[in-house]
Every structure is written in C-alpha cells, then in structure tokens.
Amino acid sequence: MAGLREQSARSPVHAGDSRLHDYLLIQLNDAPTERLHAIFVDSVSDYIADEQIADGTITHVSASLRALLAHAFEAEAHGVILAHNHPSGSSEPSAADEAFTAKIGGLLAAVDIRLHDHLIVGGGRVVSMRARGLL
C-alpha cells in the first residue's frame with residue numbers, strides 16, 4: 001500500500017489510473033463498513049494528500065461536508081477525487097450516492113475546488129461515477 005501511495009505521489013493523479021484503483025481496492029474493498037476516502041490534488045492534478053473522511057455502517061456512510069471542506073482547505077487542494085466502498089460487494093452507484101455526489105460537487109464548485117470523480121469500490125471493482133455520466 002505504501003508503494004502504491006508513493007507512486008501516486010510522484011505523478012499526476014487521475015481517477016481512471018489503475019494504480020489509484022489498486023490503492024483504493026487495498027484501502028476499501030474489504031472494509032466491513034462503508035468508508036469515505038478523499039484524494040486531494042493541486043491545480044495540475046498532482047497528489048497532495050489523501051484522508052479517510054468518514055466511517056459509517058454496513059449500508060451507509062454519513063459524511064460531514066464541513067469536515068471534507070476543512071480537509072480540502074487545509075491541504076490547499078484545487079481538486080478532489082472521492083471514493084467509498086460498498087461492503088455488499090456491489091460497485092454500482094446507488095441513488096443516495098448520486099444525490100450525495102451532486103450535493104458535494106455543487107458545494108466544492110462554489111469554493112473553486114473541482115470534484116474530479118467519485119469512485120465506488122466493491123466486489124474487487126472500482127466504478128467511476130464520471131464515466132457513467134453521473135457527475
């Protein structure tokens with residue numbers, strides 16, 4: 001995991017990068033509860049930091065939007081890639097995932113931080129909400 005993080009830290013971070021997917025699979029795929037993770041990037045998508053933002057239940061994670069913004073401001077991020085897992089094994093975005101993504105995307109945009117993507121991890125797969133046209 002440290003090696004994958006180091007590789008990400010040395011180059012621009014893109015939501016479709018297989019190294020990022022491998023890192024997120026290690027971080028989130030086998031977690032027993034839903035967890036929200038954020039990767040913070042600068043204006044040219046170079047890695048700044050990543051943090052677990054929230055830990056929820058087996059079916060839901062309730063993230064504090066205030067906490068996410070605080071982490072983004074502290075990191076002086078220009079962009080964020082969100083990721084969370086589905087312990088059920090499904091990597092398909094739910095209606096709640098879509099609503100949360102729209103809400104946080106609008107909030108981040110209001111403070112000039114770009115939501116690059118929201119990735120769903122489950123069943124050994126990573127699904128991009130942007131690639132699905134949901135962002």
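The values are calculated or read from the model by the stated rules, or taken from the named source; none is laboratory data. Every value quoted in this text rests on a predicted model; they were computed, and no experiment measured them. Ideal geometry is used to build each Cβ from the backbone, glycine not excepted, and the neighbour counts take in all protein chains shown.
From the list Ser64, Ser128, pick out the single residue that is farther than 13 Å from Glu34 by Cα, small (Gly, Ala, Ser) and either crowded, with 19+ Cβ neighbours inside 10 Å or in contact (Cβ under 8 Å) with a residue 60 or more places away in the chain (or both). Reasoning before the result, please.
Values: Ser64 fails: either crowded, with 19+ Cβ neighbours inside 10 Å or in contact (Cβ under 8 Å) with a residue 60 or more places away in the chain (or both).
Unique residue meeting the criteria: Ser128.
Would a scan of segment 2-21 turn up a residue that is touching a Pro at 6+ places or on another chain (Cβ under 8 Å), modelled with pLDDT of 90 or more, buried (at least 21 other Cβ atoms within 10 Å of the Cβ) and within 19 Å of Leu135 (Cβ to Cβ)?
Filtering segment 2-21 down to residues touching a Pro at 6+ places or on another chain (Cβ under 8 Å) leaves none.
The answer is no, given that none of the residues of segment 2-21 is touching a Pro at 6+ places or on another chain (Cβ under 8 Å), modelled with pLDDT of 90 or more, buried (at least 21 other Cβ atoms within 10 Å of the Cβ) and within 19 Å of Leu135 (Cβ to Cβ).
Filter segment 94-118 down to residues that are at pLDDT 95 or above and in a loop (DSSP other than H, G, I, E, B) and give me whichever is surrounded by the fewest Cβ atoms within 10 Å (Cβ to Cβ).
Out of the qualifying residues, it is Asp112.
Of Leu107, Leu36, which residue is touching a residue at least 40 places away in the same chain (Cβ under 8 Å) and more than 25 Å from Ser18 (Cβ to Cβ)? Reasoning before the result, please.
Values: Leu36 fails: more than 25 Å from Ser18 (Cβ to Cβ).
Result of the check over Leu107, Leu36: Leu107.
Within the bounds of segment 102-115, is there any residue that is on the phi > 0 side of the Ramachandran plot and over 14 Å from the mean Cα position of the chain (by Cα)? Spell out how you get there, then give the answer.
Taking segment 102-115 and keeping what is on the phi > 0 side of the Ramachandran plot, we get 112.
Still in the list and also over 14 Å from the mean Cα position of the chain (by Cα): 112.
Yes - at least one qualifying residue is present in segment 102-115.
Condition test on Glu92, is it under 21 Å from Leu28 (Cα atoms) and of a type in the set (Asp, Glu)? Even if it seems obvious, please write down each step before you answer.
Working: under 21 Å from Leu28 (Cα atoms): yes; of a type in the set (Asp, Glu): yes.
Answer is yes for this residue.
Limited to segment 41-93, what total is found for residues that are over 20 Å from Arg125 (Cα atoms), part of a loop (DSSP other than H, G, I, E, B), modelled with pLDDT of 90 or more and not aliphatic (A, V, I, L, M)?
Of the residues in segment 41-93, 5 are over 20 Å from Arg125 (Cα atoms), part of a loop (DSSP other than H, G, I, E, B), modelled with pLDDT of 90 or more and not aliphatic (A, V, I, L, M).
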